[in-house]
Amino acid sequence: MLILLFALTVPLLAAGMTEIKTIHVYVALCDNANQGIAPVPEKLGNGQNPIYNLYWGAGYGVKTYFHNSNDWNVIKVSKNVDLLILERILYKHKTSNTYMLADAYDGAQIAQTTIDFLEASAGRNGFQIDYDGELLCFGGDANLLSYIGHNALMNFEVTGAFTPASTNKIETIILACYSKYYFSKKLKETGAYPLLWTSHLMAPEAYTLKYAIDGWIKKEDNYAVAERAAQAYHQYQGCRINTARELLVTGF
């Protein structure tokens, strides 16, 4: 019987029956009227309209960039999920068993976006989405979390349930200006690990996220993931590679 079970198991592994991995991305839509930012063109900075928003529907926004990627398939798009989330997209990676949920939050709700991200980093507010017979875990039950947008902690404090709800150390990517400095205390409180964050001003655009995720899916170490992100930023922003490496850093 043991021999039979082993014989059945090997083909399944060879066929790529790998563990499901999930990523949840929290995007605070760019909002000229409600965030402490240098104003951008009106269409890009309308935090209540994701269609053209700088961090969502624009060329390097999360939705447009991942929609155009050769590595990801769009599974489902949901609009007006609740009073906070104006659009939600479920993606499936083409060559791995990885799913990504991207949420576009109303830009006026940037404080709540930040709270939701930090509480999820503490392993809280987990939920499941049923897709093709699989229960996909997001929120505080995801494997990787990301925050994209303006750094609200530069303008005000937030409070929430940030103490760890489990012993699982969730990995995080925080693409916002000076995120290491401003998020460090709260992220330590959550027990999460900063796979990638920033040391200075930056453009939180989706290519940096995508390149970092590429390395994470391949199970590269945190320094290799940071190098991928730096190479992307160097390529798209036209800055010196050493500048990008100093900007995009890993760990506490």
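Where the second residue is hydroxyl-bearing (Ser, Thr, Tyr) and the first is more than 21 Å from residue 153 (Cα to Cα) and lies in segment 31-59, which pairs have Cβ atoms under 6 Å and are six or more apart or on separate chains?
Matching pairs, first to second residue: 43/52; 57/64.
Identify, from the list 81, 25, 77, the residue that is modelled with pLDDT of 95 or more, surrounded by fewer than 15 Cβ atoms within 10 Å (Cβ to Cβ) and in a strand (DSSP E or B).
Result of the check over 81, 25, 77: 77.
Restricting to segment 139-176, what's the tally of residues that are in a loop (DSSP other than H, G, I, E, B) and under 16 Å from residue 105 (Cα atoms)?
Here the count works out to 4.
Condition first: among the β-branched types (Val, Ile, Thr), farther than 20 Å from residue 21 by Cα and not in a loop (DSSP other than H, G, I, E, B). Can you find one or more residues in segment 95-108 that meet it?
The answer is no, given that none of the residues of segment 95-108 is among the β-branched types (Val, Ile, Thr), farther than 20 Å from residue 21 by Cα and not in a loop (DSSP other than H, G, I, E, B).
Within segment 168-182, does at least one residue satisfy the condition of being over 15 Å from the mean Cα position of the chain (by Cα), more than 19 Å from residue 24 (Cβ to Cβ) and of a type in the set (S, T, N, Q)?
no
Could you count how many residues in segment 119-138 are modelled with pLDDT of 95 or more, of a type in the set (D, E, K, R) and assigned to a strand (DSSP E or B)?
Qualifying residue count, segment 119-138: 1.
Within segment 225-252, how many residues turn out to be in a helix (DSSP H, G or I) and either of a type in the set (Lys, Arg) or closer than 20 Å to residue 22 by Cα (or both)?
5
Out of the residues in segment 39-74 meeting the condition of being among the charged types (D, E, K, R) and assigned to a loop (DSSP other than H, G, I, E, B), tell me which one is surrounded by the fewest Cβ atoms within 10 Å (Cβ to Cβ).
42
Being within 28 Å of residue 69 (Cβ to Cβ) and without any contact (Cβ under 8 Å) to a residue 24 or more places away in the chain is the requirement here; does residue 140 meet it?
Spelling it out, it is not the case that residue 140 is within 28 Å of residue 69 (Cβ to Cβ) and without any contact (Cβ under 8 Å) to a residue 24 or more places away in the chain.
State the number of residues belonging to segment 92-102 that are buried (at least 20 other Cβ atoms within 10 Å of the Cβ) and either without any contact (Cβ under 8 Å) to a residue 24 or more places away in the chain or over 14 Å from residue 209 (Cα atoms) (or both).
Residues flagged as buried (at least 20 other Cβ atoms within 10 Å of the Cβ) and either without any contact (Cβ under 8 Å) to a residue 24 or more places away in the chain or over 14 Å from residue 209 (Cα atoms) (or both) within segment 92-102 amount to 2.
If you check residue 247 against the conditions, is it of a type outside the set (Lys, Arg), under 18 Å from the mean Cα position of the chain (by Cα) and closer than 18 Å to residue 26 by Cβ?
No: the conditions fail for residue 247.
The values are calculated or read from the model by the stated rules, or taken from the named source; none is laboratory data. The structure presented is a predicted model; accordingly, all values stated were derived computationally and were not measured. No Cβ is skipped: glycine too gets one built from the backbone with ideal geometry, and neighbour counts run over all protein chains shown.
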